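The values are calculated or read from the model by the stated rules, or taken from the named source; none is laboratory data. Bear in mind that the values here come from a model prediction, so they are computed numbers and not experimental data. When we count neighbours, we look across all protein chains shown, and the Cβ atoms used for this are built from the backbone with ideal geometry, even at glycine.
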Amino acid sequence: MQEPVRVLHVFGSLGLGGAESRVMDLYRRVDREKLQFDFLTHSAREEHFDSEIKKLGGRIYRVPRFRFYNWFSYRKALKEFFAAHREFRAVHGHMTSTASIYFPIAKKAGIPITIAHARSAGVPAGPKGILTKWLRRPLCRRADYCLACSKEAGEAVFGRKAVEKGRVKVIPNAIDAVQYVYHEDTRLRMRQELHLEDKLVIGHVGSFRPPKNHEFLIRVFAEIYRRRPDAALLLLGEGELLEKIRGQVKAAGLEKAVLFMGNRSPVSDYYQAMDFLVFPSLFEGLPGTVVEAQASGLRCLIADTISPEVKLTDLVEFYSLERSPAQWAEYVLNNCGYERKGRLEEVRAAGFDITDQIKQYEKIYEV
């Protein structure tokens, strides 16, 4: 039997992040006799998707995290890796901050295709953000394919001129949409398990990092809780700011009303338990969380800093972060009474179902 084409996906880690989840949705659905995924990660520890990747036939490789001061040792590790692994048809880089370093090394080792994938429309504040922008400057020239989850993400990573010239192909952050369809029995079961039967459940799914703006979210929920003592906040995710947000919750006296769930799978079940998704990110590429929520029929209030392309249904409303937490809370409370139903067909019609994208990726990978 002919060996499958192998594609190497490059990530910072294999935790339960948006880009990682989207690639795993794709990986589960491809014909793995024709196409196999392997992963190069910059994390030394096992993470959320490691075991599933191995069960699906994927291999996981590790290199040191790039710290700038380790420029030469980082390049050395990549040279040694690609010298030993020339079997890949393509290197698909989701970690675009250092893709301009590892792409030329992969090409020199004989890897035919390099793909840079813009997943975010912003960078961290301070020196790290400045360095990221500098590292990305030659990226468009060093990638065979420039992909982006939205026009905004494409402009942020590759530049406006590259987008205007058609150098960047926008491929939405599609999901395995049927997994998120609303089911009343699942909602009842989850709310019973979480002891939320009679609660107004506000939800958020995202890692505890600065762009997700959890601090503002907690302030919004505090206003909701002040007016609705039966409200609860369901938080899914992990990350560097988790303990800081726990401290904010404690200081606000909200410990009994806020549930820190960590990373949970399947996340689709938790959307069923929610009544409203509040998503005040400072910047995003195109958040899969909001797509998933819409597929499950969940109303969403999101920051107007997020790409308008994420609005697939009338369930999404954009709000300015310059509005007060009280104004955000008022919108939620005025719009939390609605008939819940899944929006699978609308999500599919907008091109956000993973089954519609498999052929696009197979063409890029030359399967």
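Does segment 69-80 contain any residue that is in contact (Cβ under 8 Å) with a residue 40 or more places away in the chain and either touching a strand residue (DSSP E or B) at 6+ places or on another chain (Cβ under 9 Å) or assigned by TED's automatic domain parsing to the domain that holds Ala44 (or both)?
no
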Qualifying residues in segment 278-308 (those that are in a loop (DSSP other than H, G, I, E, B) and β-branched (Val, Ile, Thr)) - the one farthest from the chain's Cα centre (by Cα): Thr305
What are the residue pairs meeting all of these: first residue in segment 1-26, first residue charged (D, E, K, R), second residue not in a loop (DSSP other than H, G, I, E, B), Cβ atoms under 6 Å, and 6 or more apart or on different chains? Arg6/Gln36; Arg6/Asp38; Arg22/Gly288; Asp25/Ile175; Asp25/Ile354
Can you tell me which residue among Ala162, Ala116, Ala153 is in a helix (DSSP H, G or I), modelled with pLDDT of 90 or more, outside the structural domain of Leu277 (by TED's automatic domain parsing) and not β-branched (Val, Ile, Thr)? Ala162
Can you give me the number of residues within segment 189-200 that are surrounded by 14 or more Cβ atoms within 10 Å (Cβ to Cβ), part of a helix (DSSP H, G or I) and charged (D, E, K, R)? 2
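When the residues of segment 250-273 are narrowed to those that are of a type in the set (S, T, N, Q) and not in a helix (DSSP H, G or I), which ends up surrounded by the fewest Cβ atoms within 10 Å (Cβ to Cβ)? Full working, then the answer.
Taking segment 250-273 and keeping what is of a type in the set (S, T, N, Q), we get 263, 265, 268, 272.
With not in a helix (DSSP H, G or I) added as a condition, the list becomes 263, 265.
Values: Asn263: 16, Ser265: 13.
Of everything passing the filter in segment 250-273, Ser265 is surrounded by the fewest Cβ atoms within 10 Å (Cβ to Cβ).
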Can you tell me how many residues in segment 1-25 are surrounded by fewer than 22 Cβ atoms within 10 Å (Cβ to Cβ) and part of a loop (DSSP other than H, G, I, E, B)? 7
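Within segment 309-343, count every residue that is among the hydroxyl-bearing types (Ser, Thr, Tyr) and in a loop (DSSP other than H, G, I, E, B).
Number of matching residues: 4.
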Filter segment 169-188 down to residues that are within 15 Å of Asp25 (Cβ to Cβ) and part of a helix (DSSP H, G or I) and give me whichever is farthest from the chain's Cα centre (by Cα). Val178
Within segment 194-218, which residues are touching a Ser or Thr at 6+ places or on another chain (Cβ under 9 Å) and either β-branched (Val, Ile, Thr) or farther than 12 Å from Ser281 by Cβ (or both)? Val205
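Given the criterion in a loop (DSSP other than H, G, I, E, B) and either surrounded by fewer than 16 Cβ atoms within 10 Å (Cβ to Cβ) or among the polar types (S, T, N, Q) (or both), identify the matching residue among Glu240, Glu215. Give the steps one after another, and end with the answer.
Numbers: Glu215 fails: in a loop (DSSP other than H, G, I, E, B).
After applying the criteria, what remains is Glu240.
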Being crowded, with 16+ Cβ neighbours inside 10 Å, under 18 Å from Arg59 (Cβ atoms) and modelled with pLDDT of 90 or more is the filter here; which residues of segment 85-113 pass it? His85, Phe88, Arg89, Ala90, Val91, His92, Gly93, His94, Tyr102, Ala106, Ala109, Ile111
Determine the pairs where a residue that is within 21 Å of Thr305 (Cα to Cα) and hydroxyl-bearing (Ser, Thr, Tyr), located within segment 140-169, has a partner that is at pLDDT 90 or above and part of a strand (DSSP E or B) with Cβ atoms under 8 Å apart, the partner being 6 or more residues away or on another chain. Ser150/Val170
